[in-house]
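Data first, discussion second: the structure below is written as structure tokens.
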Amino acid sequence: MTRTTPTTADLKRQAFKQRVLARPVGWAAAAMRLGQRSLWPFLDLVIRLWIAQTFFVSGVLKAAAWDNALFLAANEYPVSWLDPVVAAWIGVTIEIGAAVLLAFGLGTRLAAFAMLCLALVIQFNYLAFDTHLFWAALLGFYVVHGAGPISLDRLLARGLVESALPFGATLLSAARSMSRWMSAPFLLVQRAWLAASMFAAAGFDIGRAMPAQLFVKIFPVQSAQHLPLALAIGGAWLLAAGLGTRVTALVLLVAVVGMQAMDPHLSQDWYWMLTLAVLFVTGPGALSADAALERRLKRVFPQLDDKPAFSLEGLPRVVVVGAGFGGLACASKLSEAPVKVTLIDRHNYHLFQPLLYQVATAGL
Ligand SMILES: Cc1cc2nc3c(=O)[nH]c(=O)nc-3n(C[C@H](O)[C@H](O)[C@H](O)COP(=O)(O)OP(=O)(O)OC[C@H]3O[C@@H](n4cnc5c(N)ncnc54)[C@H](O)[C@@H]3O)c2cc1C
């Protein structure tokens, strides 16, 4: 197939597309990447430490008063299918052991899984609070995604692949597959879960298929009830579709923080805020309108995917002679125009003249 030489109008259109449209899209993408890379390590650490200390303190208190722990296991929150002594032992081991592992980010997925099970047992066998549900959401995130960069898991990962330890590489690749395959469905379910809670809080009768008591045990409706009505409905639609998810999560987060700051009677539900913060930083996952939009944008602007912005075939060639200040500036400007650029110089280096006298006078 022969390619026709682009007309001036084509070139102008392409140049406009690159200059006026691609730039803001590229900046937005870069800002999101930067935000994720710089915020996530610290947010991840805060979340792990925060949840870990809650479990750890509870575990230490029970271990210090073992009789009380046994009494609670037998009478306060008996697990029908477990002997109370065994239940007390398992509970305290998870609260102390898994919490320490989670704090250090060592065996994070396993520790988070144990703590997730405990959170669900507390929620369904003992007292139902939204806090337990947000624990479960955050711990579920760790089961699927593992710990962030500031963790022993990440530190040891490379050594594990190269070590002679049996199953080291297999375990690591299983963990990576888990993140790859489960991340999108998990984030979809999490968004739908938050959206359902907000719809229910706004008065929509979406829980009619199950008993009301069970519904509020599964969905954090009480927390969502504190949101202004319009925000709850709008946020629920956007979260369900995964459209503008980061902005929606940020707006909801600011609203929750604002309302809790203004109303001293509201309980400080940090885990609700942390769940929204995670959504803001990590985004909605692949099964979302945002991801579909991103895929479409990458097709229109391949440079967002680190690919050439357009095919160079059939484009005019501009030869810039001299790679001095003028030549480099010219080549850099032309990088966005649909032309092939060749920059030549008689030297294979760039001489930065303004610094010559500083070098000559040993100032530099
Ligand atoms: C000591 C010194 C200090 C300066 N300080 C400042 C300052 O502080 N601020 C400021 O704004 N300006 C400063 N200038 C001026 C500034 O450096 C020049 O105005 C600017 O470099 C001119 O840019 P240009 O692209 O026209 O030429 P140049 O930057 O000189 O580039 C010309 C290029 O063409 C190449 N070339 C030449 N002939 C051929 C050929 N036949 N084939 C292939 N390649 C060729 C050369 O190798 C060179 O790389 C200073 C200049 C000097 C000398």
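The values are calculated or read from the model by the stated rules, or taken from the named source; none is laboratory data. In this text, all values refer to a predicted model and were calculated from it rather than measured experimentally. Cβ atoms come from the backbone with ideal geometry, glycine included; neighbour counts cover every protein chain shown. Calculation scope for accessible area: heavy atoms of the full protein, side chains included, ligands and nucleic acids excluded. Shrake-Rupley method; radii C 1.70, N 1.55, O 1.52, S 1.80 Å.
Before moving on, here are some points about what is shown:
- Residue check, Leu229 surrounded by fewer than 14 Cβ atoms within 10 Å (Cβ to Cβ), of a type in the set (A, V, I, L, M, F, W, C) and touching a residue at least 24 places away in the same chain (Cβ under 8 Å): yes
- Checking each residue in region 157-176 for being modelled with pLDDT under 90 and open to solvent by 60 Å² or more (accessible area, probe 1.4 Å) picks out Arg158, Val161, Glu162, Ala164, Leu165, Pro166, Phe167, Thr170, Leu171, Ser173.
- Filtering region 169-209 to residues that are farther than 25 Å from Thr108 by Cα and of a type in the set (Ser, Thr, Tyr) leaves only Ser197.
- The residue that is surrounded by the most Cβ atoms within 10 Å (Cβ to Cβ), among those in region 301-316 that are touching a residue at least 12 places away in the same chain (Cβ under 8 Å) and not in a loop (DSSP other than H, G, I, E, B), is Leu304.
- Residue that is least open to solvent (accessible area, probe 1.4 Å) [pool: residues in region 41-86 that are of a type in the set (Phe, Trp, Tyr) and touching a residue at least 60 places away in the same chain (Cβ under 8 Å)]: Phe55
- Total residues in region 354-364, condition of a type in the set (A, V, I, L, M, F, W, C) and exposed (fewer than 11 other Cβ atoms within 10 Å of the Cβ): 4
- Answer from Ala277, Ala292 - the residue that is more than 16 Å from the ligand (Cβ to nearest atom), in a helix (DSSP H, G or I), in contact (Cβ under 8 Å) with a residue 12 or more places away in the chain and within 24 Å of the chain's Cα centre (by Cα): Ala277
- Count - residues of region 334-349 that are part of a loop (DSSP other than H, G, I, E, B) and of a type outside the set (Ser, Thr, Tyr): 8
- Which listed residue, of Arg191, Arg246, is of a type in the set (Lys, Arg), open to solvent by 10 Å² or more (accessible area, probe 1.4 Å) and within 17 Å of the chain's Cα centre (by Cα): Arg246
- Each residue in region 87-115 was checked for being open to solvent by 30 Å² or more (accessible area, probe 1.4 Å) and more than 23 Å from Trp66 (Cβ to Cβ), and 6 pass.
- Residues being open to solvent by 50 Å² or more (accessible area, probe 1.4 Å) and either polar (S, T, N, Q) or touching a Gly at 6+ places or on another chain (Cβ under 9 Å) (or both) - total across region 14-40: 4
- Among the residues of region 317-353, those identified as loosely packed, with under 13 Cβ neighbours inside 10 Å and away from the ligand (no atom under 11 Å from the Cβ) are Arg317, Ser332, Lys333, Ser335, Thr342.
- Listed conditions (1) surrounded by fewer than 18 Cβ atoms within 10 Å (Cβ to Cβ); (2) more than 16 Å from Phe134 (Cβ to Cβ) are all met by Phe199, apart from (1).
- For region 323-342, the set of residues classified as touching a residue at least 24 places away in the same chain (Cβ under 8 Å) and either of a type in the set (Asp, Glu) or closer than 30 Å to Thr7 by Cβ (or both) consists of Glu336, Ala337, Pro338, Val339, Lys340, Val341, Thr342, listed by residue number.
- Ala147 passes every criterion in (1) open to solvent by 20 Å² or more (accessible area, probe 1.4 Å); (2) touching a Ser or Thr at 6+ places or on another chain (Cβ under 8 Å); (3) not in a helix (DSSP H, G or I) apart from (1).
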